[in-house]
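Worksheet for the structure shown next.
Please treat every number below as a calculation from the coordinates, not as lab data. These figures come from a predicted structure and were not determined experimentally. Cβ coordinates were reconstructed from backbone atoms using ideal geometry, including for glycine residues, and neighbour counts include every protein chain displayed.
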Amino acid sequence: MNVVCIGAGYVGSVTGTAFAAIGHQTTIIDIDQKKIERMNRGESPIYEPGMEQFLPALIGRNLFVTSSYDAVAEAQVVFIAVGTPSQEDGTADLRYIKLAAEHIGRALSKERFTVIVNKSTVPVGTSELVASLVEEASGLVADKDFTVVSNPEFLREGYALEDVFFPDRIVVGTVQPQGLQVMRELYHNLIERVGYDQLSELFPFSYHPQMPKATYFETDAKSAELIKYAANAFLAVKISYINEMARLCEVLGGNVRDIAEGMGLDTRIGKKFLQVSSGWSGSCFPKDTAELLATSQKYGSEMTVVKAAIESNERMHLHVVEKVVRKLQSLNGKRIGILGLTFKPDTDDARKTQASYIIQKLVELGASVRVHDPQGMAMFQSLNSHLKVTYCREPLETGTRSDAVILLTHWQEYQELDWEAMYPVMRRPYVLDTRNYLESARLTALGFCYEGLGLSTIS
Ligand code: NAD
C-alpha cells in the first residue's frame, strides 16, 4: 500500500519505518528540517534501539522522508503522528493536529478514497474535528471521498520497534466500511508476520515465530480515542498505588519489593507497573492524565481516581526531596549528584521528567546539583535552561565532593558503575536509589549509606 506518516518523532519515525519494512511504500513528512536530513542520511531522529539498523536498509528504497505534503495525493493511508502537548488547563493542545489536517486537506486527491488515521493521542471527538477541517480545506466530503479513523499507539520508548512489530493489540476505531477494509489490509502483513524471517536480523530483540499474535480490535472512533487515555491513566494509577505503598512501608515497616512481588503473583493484578520510583513522568502520562481529568471535569464527570493519582504522584516527587533533607538537613552549601534525567532508560526523551521537578526543589533549598544521563542530557538541558546545574560527562563525576547521589533512572550503566571508585570521591557516601535497583548489599559493604524507597523492614 501507499502510506504517508505525518510526524517524524518518537511515534511517527518508528511507525513509518515499520510500515516500510513490512512492504508498504512509505513517506514520512515533518516540518523539522534537521530530522528530515538525519533520516535521509540513514540516521535515527531519536535515540531508539534498532532504528540505526533499519533506516539505512530502507531509506530511498521504500521509505522517503520530506517536508512536502505532495505524497498525500497518492496515499491510501495517511497517519497523523504529531505531538499533542498539554495546555495550561491540562487539556491537549491540538494546534499541530489542526495544522496537519489542513495541510492534508489541501494535498488530498479527489481521484482516490483516502483513509486518514489519527495515531496521535487525542481527546474524544478529534476524529470528527479532523474530518471537518479536511472537508473545509479540500472541498471533499467525509465518509464519501475520505474517512478519518482512530488508531491509537501504545508503543513504549526504548522498546518501540518491538512494540510496533509485535504489538499486543491493534485498536482501530471506525464504523465506516472502507475505513475498516483498508485498515485490515494495512495491518495484514504485520499481524501475519509476512517477511519477518528476513527482517529478524534487523530486530534489536530476539524473534520467535511462536510469539503470540496481536489482537486486532475494532470499535467506534470515540471508544478508540478513550481507550488510549483510559489505559495510560490506569497505568499511572497503578504506579501511584505502589509508590504510596512504599511510603506506607517507610512508616509501618515492610518491604515494598516483596509486596509488589506478592501482589503481582495474582494474575488479576499482574507484575508489571509495580516498580517503585520517584513518580511517573515523561512525555505521555502527565499530559494524558491531565487531559482526561480536565475533560472529565469540564463535562461534569470528574475522574476522581485519576485526580488522586496525579496528587499522589506529586507527593512522591516531594517525598524524595524530603528524604534527602531528613538525611542532610539544611541543603545550603550541599552538593548533590543525580544519575538519570530521562523518565526511563533506553531513551533520550527528557520531556516532563521527574528529574526537572526534583532538581528544581533541591536547587531552591540551596543545593548545588551535578547531573548525568547516558542519552538525555542534551534534551534535558535545552528544555530546562532555567536550571543551574553542572552537566557531567561521566557518571562518576556526579559524586565529586557530593553529599548525596540520587539514582532517578535505572540505566544499566548505573548498576555497572564502578561504585568502589565513587566512594572515595564523595564528601558523604549517601546513595538514595529511587528505583531499588542498585545492589544494596554491595554498596553497604563498600561503606555507602544506602537507602531505597519503601525498604524499611529491619532484619
Ligand atoms: P514528537 O514531538 O516526538 O513528534 C512529533 C513530530 O511531529 C515532530 O517531529 C514535529 O516536528 C512534527 N510535526 C508537528 N507538526 C507537524 C506538521 N504540521 N506537519 C508535519 N510534522 C509536524 O511526538 P511523539 O512523542 O512522537 O508523540 C506523537 C503523538 O503520539 C502524541 O500524541 C503522543 O501522545 C502519542 N504517543 C507517544 C508515545 C511516546 O512514547 N512518545 C507513545 C504513544 C503515543
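Computed quantities for the displayed model
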| item | result |
| --- | --- |
| Protection proxy ranking, peptides 65-71, 351-357, 191-197, 339-345, average beta carbon neighbours within 10 Å, highest first | 339-345, 351-357, 65-71, 191-197 |
| Viscosity 1.002 mPa s, 20 °C: Kirkwood-radius Stokes-Einstein D of the range 234-451 over Cα pairs, µm²/s | 119 µm²/s |
| Candidate aspartates and glutamates for bridging to Lys271, where Cα separation is under 12 Å - those fewer than 8 sequence places away on the same chain excluded | Asp258, Glu261 |
| Helix 95-107 vs. the chain, principal-axis angle (Cα, 0 to 90°, nearest 10) | 20 degrees |
| Long pairs among Lys119/Lys213; Lys272/Lys344; Lys34/Lys287; Lys238/Lys323; Lys327/Lys352; Lys238/Lys307, criterion Cα-Cα beyond 19 Å | Lys119/Lys213; Lys34/Lys287; Lys238/Lys323; Lys327/Lys352 |
| Principal-axis tilt of helix 177-192 within the chain, Cα atoms, nearest 10 degrees | 50 degrees |
| Relative contact order (%) - criterion: Cα under 8 Å, at least six apart; region: the chain | 12 percent |
| Cα-derived Rg over Rh, computed across the range 95-141 with Rh taken as Kirkwood radius | 0.94 |
| Cα Rg, Dmax (largest Cα-Cα span) when computed across the chain, Å | 23.5, 75 |
| Local net charge near Ser138, Cβ-Cβ under 13 Å (Lys/Arg +1, Asp/Glu -1) | -1 |
| Local electrostatic count, Trp411, Cβ distance below 12 Å [Lys/Arg +1, Asp/Glu -1] | -3 |
| C-alpha long axis of helix 126-138 to longest principal axis of the chain, angle in ° | 40 degrees |
